[in-house]
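The values are calculated or read from the model by the stated rules, or taken from the named source; none is laboratory data. Remember, it's a predicted structure, so these values are computed and weren't measured experimentally. Quick reminder, even Gly has a Cβ in these numbers, built from the backbone with ideal geometry, and neighbours come from all protein chains shown.
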Amino acid sequence: MSATADLPYYLAFARVKGIGAVRVRKLKAHFGSLQAAWSANEFDLAAAGLDLRAIAALTQGRRTISPLEEVERLAKAGAQAITWDDPAYPRLLREVPDPPPVLFVKGALDEADQWAVSIVGTRRATVYGREVTEMLAGELARNGITIVSGLARGIDAYAHQAALKANGRTIAVLGCGVDVIYPPEHRKLAQQIIEQGALVSDYPLSTPPDAANFPPRNRIISGLSLGVVIVEADEQSGALITAEFAADQGRDVFAVPGNIFNRTSRGTNRLIQKGAHIVLDTQSILEELNLNLVAEQREVQTAAPDSDLERAILKSLSHEPTQVNELVRALDLPTAEVTAALALMELKGLVRQASGTSYVLAREATTLYQTG
């Protein structure tokens, strides 16, 4: 079944409480399509792995939810939905454990968003926090990096605004439907984000901004990003939840140091104490994430297709350093040919020079390696 044919059922299942990514995956695997799963009887749903509570929720949902009406509602809201079956589903988010089956989007996601960094922090930002956020978000955006945040008051809003001011892309991940702007005073900001990026949520349209929605949405903020920067956060801040998700997803966590007497610096200072990368300037983020050459990477990715040599090098590399001379022996090719290919692949973001003459597989190459 095509992605388009199953779309109404992705939207319908998104409205059934208690059926998330794990259960949707089970249903697709068992029935072959969500359309078939939507009309399945209770016996077959149990055979697919749903428990009694989930079956009851689905049975109840089918009485009030019309899959085709969900598609119409989406169109009326000026939004779109991107599902697991869609090639446009964000690559970075697809890599994390149990990504949301469907993303609701206002605006547009772009290939450029594979180079993204999230910046989050307290709603009660200090002058210092605002200045640091505006500097980091602005400079990252001017370097071609998409800024991801949560549209909240304080650090989040400053990050979005700085990216927009730098004419960069920015994505806001919401804890409500993309047709429900929260906080309401950020309506104008949200519209600007739609024009230069996207509003994104895994919550269906019209979902209100309940407090319980915001911690789970943070997994999408980190999932859409190569790394997460925490600017200011108390020890109980929701921004620290984003940092936890980032660590679990294998993403780099950065923290801005602050005054030890200031509550809004307690969380970030503690993160640094526990091993987060300390942020002293924008360059430290770019270097750690291998983002210094984003413009060149985009140009080369467009101009030069993969070659047999590149694929052979990818298969020979791992996330542990490999010496060039080892590659030369393994591939039985001249040193000059291998080093030239490595230089081009580094521009593409496929490999990274670890130290001296050794290279490692870059994060960006993981999907290509697995599928190529």
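Residues in the stretch 321-348 that are touching a residue at least 12 places away in the same chain (Cβ under 8 Å), more than 15 Å from Arg311 (Cβ to Cβ) and hydrophobic (A, V, I, L, M, F, W, C): Val324, Leu347. Against the criterion of being polar (S, T, N, Q), surrounded by 20 or more Cβ atoms within 10 Å (Cβ to Cβ) and over 22 Å from Ala77 (Cβ atoms), Asn259 does not qualify. Return the residue satisfying two criteria in turn: it lies in the stretch 182-200 and is closer than 25 Å to Ala112 by Cα and outside any helix (DSSP H, G or I), and of such residues it is nearest to the chain's Cα centre (by Cα). In this case the residue turns out to be Val200.
Taking the stretch 56-141 and the strands (runs of 3 or more DSSP E) fully enclosed by it, the elements with 2 or more residues that are of a type in the set (A, V, I, L, M) and in contact with a Ser or Thr (Cβ under 8 Å, 6 or more places away or on another chain) are at 102-107, 116-120.
Only one entry of Ala40, Ala46, Ala56 meets the criterion of being surrounded by 14 or more Cβ atoms within 10 Å (Cβ to Cβ), more than 29 Å from the chain's Cα centre (by Cα) and over 25 Å from Asp86 (Cβ atoms), and that entry is Ala46. Restricting attention to the stretch 21-43, the residues that are in contact (Cβ under 8 Å) with a residue 40 or more places away in the chain and more than 21 Å from Ser66 (Cβ to Cβ) total 3.
Within 30 Å of Tyr128 (Cβ to Cβ), part of a helix (DSSP H, G or I) and at pLDDT 85 or above, is that true of Arg329? Lay out the reasoning, then the answer.
Numbers: within 30 Å of Tyr128 (Cβ to Cβ): no; part of a helix (DSSP H, G or I): yes; at pLDDT 85 or above: yes.
When the stated conditions are applied, Arg329 does not pass them.
Taking the criterion of being under 15 Å from the mean Cα position of the chain (by Cα) and over 20 Å from Asp202 (Cα atoms), the residues of the stretch 216-258 that qualify are Gly227, Val229, Ala247, Gly250, Arg251, Asp252, Val253. Residues in the stretch 165-178 that are surrounded by fewer than 24 Cβ atoms within 10 Å (Cβ to Cβ), touching a Gly at 6+ places or on another chain (Cβ under 8 Å) and part of a loop (DSSP other than H, G, I, E, B): Ala166, Gly168.
Selection of first residues in the stretch 44-55 that are touching a residue at least 24 places away in the same chain (Cβ under 8 Å) and of second residues that are in a loop (DSSP other than H, G, I, E, B), restricted to Cβ pairs under 9 Å at least 6 apart or on distinct chains, gives the following pairs, ordered by first then second residue: Leu50/Ile19; Arg53/Gly18; Ala54/Val16; Ala54/Gly18; Ala54/Ile19. Here Ser225 fulfils each of the conditions (1) closer than 22 Å to Lys165 by Cα; (2) in contact with a helix residue (DSSP H, G or I) (Cβ under 8 Å, 6 or more places away or on another chain); (3) at pLDDT 90 or above; (4) surrounded by fewer than 22 Cβ atoms within 10 Å (Cβ to Cβ) apart from (4).
Among the residues making up the stretch 170-226, those that are out of contact with any Pro (no Cβ under 7 Å at 6 or more places or on another chain) and acidic (Asp, Glu) are Asp179, Glu185, Glu195, Asp210.
Taken together, the criteria exclude Phe261 from residues that are at pLDDT 95 or above and not in a helix (DSSP H, G or I). Screening Ile220 with (1) within 19 Å of Ala112 (Cα to Cα); (2) part of a loop (DSSP other than H, G, I, E, B) gives one miss only, at (2). Checked against (1) more than 13 Å from the chain's Cα centre (by Cα); (2) outside the structural domain of Gln236 (by TED's automatic domain parsing), Tyr128 meets all criteria but (2).
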